[in-house]
Amino acid sequence: MLVLPAPGGELLAWTPSGPRPPEPPETPPSARIAYAAAHVVADARADEPYAVDWDTTLAFREHLWSCGLGVAEAMDTAQRGIGLDWATTRELVTRTGAIAAGRRWCAGVGTDQLPPGPATVASIVDAWREQLDLVAGAGAVPVVMASRALAAAAESPADYHAAYGKLLSEAAGPVLLHWLGAQFDPALAGYWGHDDVRAAARELAALCTEHAAAIAGVKVSVLDAGVETEFRRALPAGVACYTGDDFNYPGLIAGDAEGHSEALLGIFDPIAPVAAAALARLDQDDEPGFRALLGPTVALSREIFRAPTRHYKTGVVFLAHLNGHQDHFRMLAGQESARTITHLATLLRLADEAGVLTDPELAEARMRPLLQVAGVA
C-alpha cells in the first residue's frame, strides 16, 4: 500500500486493484494505421543534460513494434525543441532506421537546425528539405512538422501556402503533414495564418486539395473532436486524417458513417499493449470491445495531457519507468520536474484503473522513493 497525495491536499491510501494489460494480438492490428509517438530515454549517468541512452531508447521502439503498432520517431514526444537538438535527432532517425527492418515507422521533419533569429521562407524550406532527405533515406514516412520558424516569419496564409507548396512540389513521395495546436506548443499559435482554429482547418484543407498528390495524410493535434471531424470530411480523396487528439481518440478512431481517423498519438506510447488489443477488436468488427478496452484509458490520457499540455512528456516517461522500460525517471534537460508529485500520483492511480500497469508491485516499488523525496510519508 502507498499513501498518495491527491488534488486538494488530502492523502489517500492506494493499493493496485485494476486489470493488467492484455497480451499483444498474435497478428498486428490492421483495421487502422496506428503510430505511437515514441519518447527518448535520457542517459541518467552522463555528465551533461542532453545525453541519450541509445540501447534503452531503441529497446522501447522494439516494444512498440512488438505490440503491433508503428513507431512515430523524432516527434514532439521525443522532446523535439526541448532537449533533443538536430544533431541528436539525426542520430536517432539513423539508428531507428537501422533496426526498422521493414516495420512501419514514420519520422518528424522539422526546421530546428535553423539558427536563432528571423528566418525567410526560403531558408525554412531548405531546412525542411534537409531533414526530409534524411528521413526518407532512412526508410521512414516523412512527417512535415509545424515549424516555429514559419509561425514567426509568416505574415498571412499566403506565406504558409508558399512554403508548403514549394516543399511539396519537390517531394519525391507522399508525406504526412503535422498540425500541432498551440496547446502543445505556444510558439505555434496562429499557424496556417489564423487564430481561429476552424479557419485554420479550412486553410489546411485547401492546401491539401491543392497538393493532394504529394500528401498521404495529415496529423491533427488540436484537442477538439468537432474540428477534427469537420476537417476530416473536408479532405480530398486519398488524403487520410490521423488523429493526434489525446482527449478524444477512441471515437475519432472508431469513426462514423462518413469516415474515421487513423492514429498518430503520444498516448499510445504508455498504453501500447492496450491500444493494440483494442485495435485488434476493430479488425473483428467488434466496436464495443474496442471501446471497452480503450475507453478507460481516456481519463489517464486527459490527465497526462492536461494544461499546460506541452509538459505531457513527463507523464509518458514516468509511466515508462513504472512499467520497467527504463530504470530511472530522468528526462533530457531535467524535464521530469515539469509536473508535480500530486499529478504523478494521480497518473499512477489512473494507470492502474485503465489496466496499463504491467507489474503493479514494480510500479509501487518505483513510486515509493519518489514520494519520499517529495516529503510524502
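The values are calculated or read from the model by the stated rules, or taken from the named source; none is laboratory data. Everything numeric in this text was worked out from a predicted model, so none of it was measured. Reconstructed Cβ throughout: ideal geometry from the backbone, glycine too, with neighbour counts over all protein chains shown. These accessible areas exclude ligands, DNA and RNA; they are computed on the full protein's heavy atoms, side chains included. Shrake-Rupley method; radii C 1.70, N 1.55, O 1.52, S 1.80 Å.
Quick one: count up the residues across the stretch 253-287 that are closer than 25 Å to residue 210 by Cα and either crowded, with 24+ Cβ neighbours inside 10 Å or under 14 Å from the mean Cα position of the chain (by Cα) (or both).
Counting residues in the stretch 253-287 that are closer than 25 Å to residue 210 by Cα and either crowded, with 24+ Cβ neighbours inside 10 Å or under 14 Å from the mean Cα position of the chain (by Cα) (or both) gives 4.
Could you check the stretch 320-335 and list, in sequence order, the residues that are surrounded by fewer than 24 Cβ atoms within 10 Å (Cβ to Cβ), of a type outside the set (Gly, Ala, Ser) and part of a helix (DSSP H, G or I)?
Hits for the stretch 320-335 are 321, 335.
Quick one: is residue 300 outside any strand (DSSP E or B), within 21 Å of residue 323 (Cα to Cα) and out of contact with any Gly (no Cβ under 8 Å at 6 or more places or on another chain)?
yes
Kindly indicate whether residue 135 is touching a Pro at 6+ places or on another chain (Cβ under 8 Å), closer than 24 Å to residue 170 by Cα and crowded, with 23+ Cβ neighbours inside 10 Å.
yes
Here is a list of conditions, (1) under 18 Å from the mean Cα position of the chain (by Cα); (2) under 17 Å from residue 217 (Cβ atoms); (3) not small (Gly, Ala, Ser), and residue 148 meets all of them except one; can you say which number that is?
The failed condition is (2).
So how many residues does the stretch 180-200 have that are touching a helix residue (DSSP H, G or I) at 6+ places or on another chain (Cβ under 7 Å), of a type in the set (Gly, Ala, Ser), open to solvent by 10 Å² or more (accessible area, probe 1.4 Å) and part of a helix (DSSP H, G or I)?
2
Here is a check on your reading of the model: is residue 291 farther than 25 Å from residue 66 by Cα, of a type in the set (D, E, K, R) and in contact (Cβ under 8 Å) with a residue 40 or more places away in the chain?
no
Among residues belonging to the stretch 15-63 that are out of contact with any strand residue (DSSP E or B) (no Cβ under 8 Å at 6 or more places or on another chain) and among the small types (Gly, Ala, Ser), point out the one that is nearest to residue 352 (Cα to Cα).
Filtering the stretch 15-63 for residues that are out of contact with any strand residue (DSSP E or B) (no Cβ under 8 Å at 6 or more places or on another chain) and among the small types (Gly, Ala, Ser), the one nearest to residue 352 (Cα to Cα) comes out as 18.
Filter the stretch 218-239 for residues that are open to solvent by 30 Å² or more (accessible area, probe 1.4 Å), closer than 25 Å to residue 173 by Cα and among the hydrophobic types (A, V, I, L, M, F, W, C) and give the result.
234, 237
Exactly one of (1) at pLDDT below 95; (2) open to solvent by 30 Å² or more (accessible area, probe 1.4 Å); (3) not aromatic (Phe, Trp, Tyr) is unmet by residue 159. Its number?
(1)
Go over the candidates 346, 342, 309 one by one and state the one that is touching an Asp or Glu at 6+ places or on another chain (Cβ under 6 Å), more than 20 Å from residue 60 (Cβ to Cβ) and of a type outside the set (Lys, Arg).
None of the other options fit; the residue is 346.
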